[in-house]
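This report refers to the structure that appears directly beneath it.
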Amino acid sequence: MASRSFSIEGVNNVTEFIFLGLSQNPEVEEVCFVVFSFFYMVIVLGNLLIMLTVCTGNLFKSPMYFFLNFLSFVDICYSSVTAPKMIVDLLVKKKTISYVGCMLQLFGVHFFGCTEIFILTVMAYDRYVAICKPLHYMTIMDRDRCNKMLLGTWVGGFFHSIIQVALVVQLPFCGPNEIDHYFCDVHPVLKLACTDTYIVGVVVTANSGTIALGSFVILLISYTVILVSLRKQSAEGRRKALSTCGSHIAVVIIFFGPCTFMYMRPDTTFSEDKMVAVFYTIITPMLNPLIYTLRNAEVKNAMRKLWARKVSWQTTGK
């Protein structure tokens, strides 16, 4: 074990943590290695394709695609904080991470996860303005305001994650050092602290829960107002708006469902936590490109033009 005896002063004696991982069955781990390697490849390539399409398809000028571009970037970063380490650990018997590495991973998960929540909230506001105030859309959502809103999502994510990490690093860890998870998250790590973590657990839950539930309520209200206002639109307008909002609503439900389960509760852990975490750290970033591509005519058209341009370039090159 990488822990030594606990000193009275509460000095942190743990230098590394050991993950128990998704499974202790070698055969299951081999299957998981293949499956999650494929999932991670889809996440990176799918979201890079979205970013390339937005940047080269003249869509970047639109506020919706401006935010979609950064959502794809955050999805890549968010999954990259946990997925590569998890995939490598599936091939080794002892899954270790240093204390510093654990704190950095905890910071990354909450930084990019919270930033994604705020970007989804901003995208909901963008759809609200586009559908409910179409004549003032470009005035309200000008590039300067979009940049400020985007900066706000990053700053908000940073402050949220700094609070989470600050609450954990001041705790003493003297052993055991086994984390029943495949990455460092607040609740599993708090279980290993050699002190009473009730107050810290309450603050952590209040911090994460307020952001998750508050953003979810704002999103529900926004999309409810949008759907009600669609009654005044023409049939074609309703179809286009529903197509766009439908993809946003699907992403919101897929992402916020597991997040609410994980963080809107006291400082407790369940056996289902690992599979729920897989859903919002791996599955959601993988599905986002598919949802936005399959349900969005503009993105599909831009991808066709990008492909046609590539084929034309290769033909000309020959």
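Phi angles of region 132-148 translate, via the Karplus equation with coefficients 6.51, -1.76, 1.60 and θ = phi - 60°, into HN-Hα couplings of 8, 9, x, 5, 10, 4, 5, 6, 6, 9, 6, 4, 4, 5, 4, 4, 5 Hz per residue; Gly and Pro are given as x. According to the Cα-based calculation, Rg over Rh for the chain is 1.02, with Rh computed by the Kirkwood formula. In the complete set of protein chains, residue-level accessible area for K274 is approximately 30 Å², probe 1.4 angstrom. Summary of packing: across the peptides 95-103, 128-136, the per-residue average of other C-beta atoms within 10 Å ranks them, highest first, as 95-103, 128-136.
Farthest towards the positive end of the charge dipole of the chain, among the residues V122, Q233, N13, is the Cα of Q233, using unit charges on the Cβ of Lys, Arg, Asp and Glu. Less than 5 angstrom separates the built amide H of H181 from those of L20, G21, all sequence-distant by 5 or more or on a different chain. Pull out a ≥ b ≥ c, the square roots of the eigenvalues of the alpha-carbon gyration tensor of region 8-126, then state rounded if a/c is under 1.5, prolate if not and a/b is larger than b/c, and oblate in the remaining case. In terms of gyration-tensor shape, oblate. Distance distribution P(r), region 21-88, all Cα-Cα pairs, bin width 10 angstrom from 0: 20, 39, 24, 13, 5 percent. Normalised per residue, the accessible area of the chain is 49 Å², obtained with a 1.4 Å probe and no contribution from ligands, DNA or RNA. Summary of packing: across the peptides 111-123, 245-257, 280-292, the per-residue average of other C-beta atoms within 10 Å ranks them, highest first, as 111-123, 280-292, 245-257.
Using helices alone, what [θ] at 222 nm do you get for the chain, with -39,500 (n - 2.57) per DSSP H run of 4 or more residues, divided over all residues and rounded to the nearest 500? Counting only the DSSP helices, I get -24500 deg cm²/dmol.
Surface composition of region 10-166: carbon plus sulfur atoms hold 72% of the accessible area, using a 1.4 angstrom probe and ignoring ligands, DNA and RNA. Only the Cβ atoms of Lys and Arg (+1) and of Asp and Glu (-1) were treated as charged; on that basis the dipole of the chain about its Cα centre amounts to roughly 1780 debye.
Ordering R143, R265 by accessible area with a probe of 1.4 Å, largest first, what comes out?
Working: R143 90, R265 25 Å².
From most exposed to least exposed: R143, R265.
Just want the answer: with Cβ charges of +1 for Lys and Arg and -1 for Asp and Glu, which residue in I140, L171, V186 is farthest toward the dipole's positive end in region 138-244? In region 138-244, that residue is I140.
The values are calculated or read from the model by the stated rules, or taken from the named source; none is laboratory data. What you are looking at is a predicted structure, and each value in this text was computed from that prediction instead of being measured. As a convention, Cβ positions derive from the backbone with ideal geometry for all residues, glycine included, and neighbour counts pool all protein chains shown. Surface areas here come from the heavy atoms of the whole protein model, side chains and all, with no ligands, DNA or RNA. Shrake-Rupley method; radii C 1.70, N 1.55, O 1.52, S 1.80 Å.
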